[in-house]
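Every read-out reported here was derived from the displayed coordinates using simple, explicitly stated rules and does not represent laboratory data. None of these values were measured; they are calculated from a predicted model. So basically every Cβ, Gly included, is an ideal-geometry build from the backbone, and we count neighbours across all protein chains shown.
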Amino acid sequence: MNPTVNIAIRAARAAGKVLLRYYDRLDQVKVQTKSRNDFVSEVDRSAEQVIIQELRARFPSHAILAEESGAQGEGDYQWVIDPLDGTANYLHGFPQFSVSIALRVRGQLECAVVYDPLREELYTAARGEGAQLNDRRLRVAGRPSLDGALIGTGFPFRDQRHIDAYLGMFKDMTLSTAGLRRPGSAALDLAYVAAGRTDGFWELGLSPWDFAAGALLITEAGGTVTDLSGGTRYFDTCNLVAGNLKVHQAMLELIGPHLSDALRA
Ligand code: IPD
Ligand code: CA
Ligand code: CA
């Protein structure tokens, strides 16, 4: 196993323990509202601290971009961390959430770990070395078109500027596939594409920590990840489309007519 991935795994497992410890007594967890429909709890913060401590102990000079504590340090190496992806699910006791940790080197994704502590599913990838779920090698699904496809997505529940465009895509996607799923943890949604559990995924208005690890899982599992126009700028736009080459292309064709200038950028 890649030694850097191993450190990230240790950090993700430690954070997973924090998530499970609080999950048994959710009624006592202290929650604050960051903005409308955006919550942070002491669980998010403690899990993030545990991850940062683990990574700092081994890589003291690396920069960090973490959801709750923001950007720290600078340089070629940056860890991108979501300590609890799916906070709304978690706080309701809805069993779908994850820990997401990625390493970018000069902007390029190098390592990824997404951990689902409830199912004990650990997704890992290193650039050029493939992606795994626990010890099994991952490969995206081989479906040749949207016909019969199961597609993951996320609803725009915070920033609603693009709601009409999204609903147009949603309608066309519903009419063209076997069904859509909105599980509620973007990092896991992407891991499911890498594992072939869904055929594709798209979501608007994400943040880098939601998708950094999941994007590498997919490309290392033989899939494609782009922005809504099919370009590579998804770290800038934070809008994503993913799938195997054919499903991804079909999704882009379906999404294209709904793009405003702002979304095409
Ligand atoms: C959220 C989840 C959700 C997605 C949101 C994210 P959080 O992350 O990934 O699936 O739809 O856009 O913000 O806030 O639970 O870490
Ligand atoms: Ca998130
Ligand atoms: Ca989060």
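When the gyration tensor of the range 21-64 is built from Cα positions, what are the square roots of 5 times its three eigenvalues, in whole Å, from largest to smallest? Before the final figure, lay out each step's value.
On the way: eigenvalues 136, 44, 5 Å².
Equivalent-ellipsoid dimensions as semi-axes: 26, 15, 5 Å.
Work the Kirkwood hydrodynamic radius out for the range 3-135: mean of 1/r over every pair of different alpha-carbon atoms, inverted, in Å. Working shown, then result.
Numbers: mean 1/r = 0.0666 Å⁻¹.
Every distinct Cα pair counted, the radius reaches 15.0 Å.
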How large is the convex hull of the Cα atoms of the range 52-95 per residue, expressed in Å³ as a whole number?
79 Å³
With a 10 Å radius around each residue's Cβ, average the other Cβ atoms per peptide and rank 41-53, 94-106, highest first.
94-106, 41-53
Over all pairs of distinct alpha carbons, what does the Kirkwood formula give as the hydrodynamic radius of the range 196-265, in Å?
12.0 Å
By the Kirkwood definition, with r running over pairs of different Cα atoms, the range 84-148 has a hydrodynamic radius in Å of 13.8 Å
Kindly express, to the nearest 10 degrees and within the range 0 to 90, the angle between helix 208-220's C-alpha long axis and the longest C-alpha principal axis of the chain.
70 degrees
Return the calculated 222 nm mean residue ellipticity for the chain, to the nearest 500 deg cm²/dmol, obtained by summing -39500 (n - 2.57) across DSSP H runs with n ≥ 4 and dividing by the residue count.
-11500 deg cm²/dmol
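What is the ratio of the Cα radius of gyration of the range 150-264 to 2.2 N^0.38 Å, with N the residue count, to two decimals? Show your work: numbers first, answer last.
Values: Rg = 12.4 Å, N = 115, 2.2 N^0.38 = 13.4 Å.
Here the Cα radius of gyration is 0.93 times the empirical estimate.
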Ordering of 148-155, 29-36 by packing [mean C-beta count within 10 Å, highest first]:
148-155, 29-36
Enumerate the lysines that K17 could reach by cross-link, defined here as Cα to Cα under 28 Å, with residues fewer than 8 away along the same chain left out.
K30, K34
Using only alpha carbon positions, build the gyration tensor of the chain, then give the equivalent ellipsoid semi-axes as the square roots of 5 times its eigenvalues, largest first, whole angstrom.
28, 21, 18
State the answer as a single residue: which of A14, N2, S35 lies farthest towards the positive end of the charge dipole of the range 1-64, with beta carbon charges of +1 for Lys and Arg and -1 for Asp and Glu, about the Cα centre.
N2
Packing-based ranking, highest mean first, of 158-165, 240-247 given that Cβ atoms within 10 Å are counted
240-247, 158-165
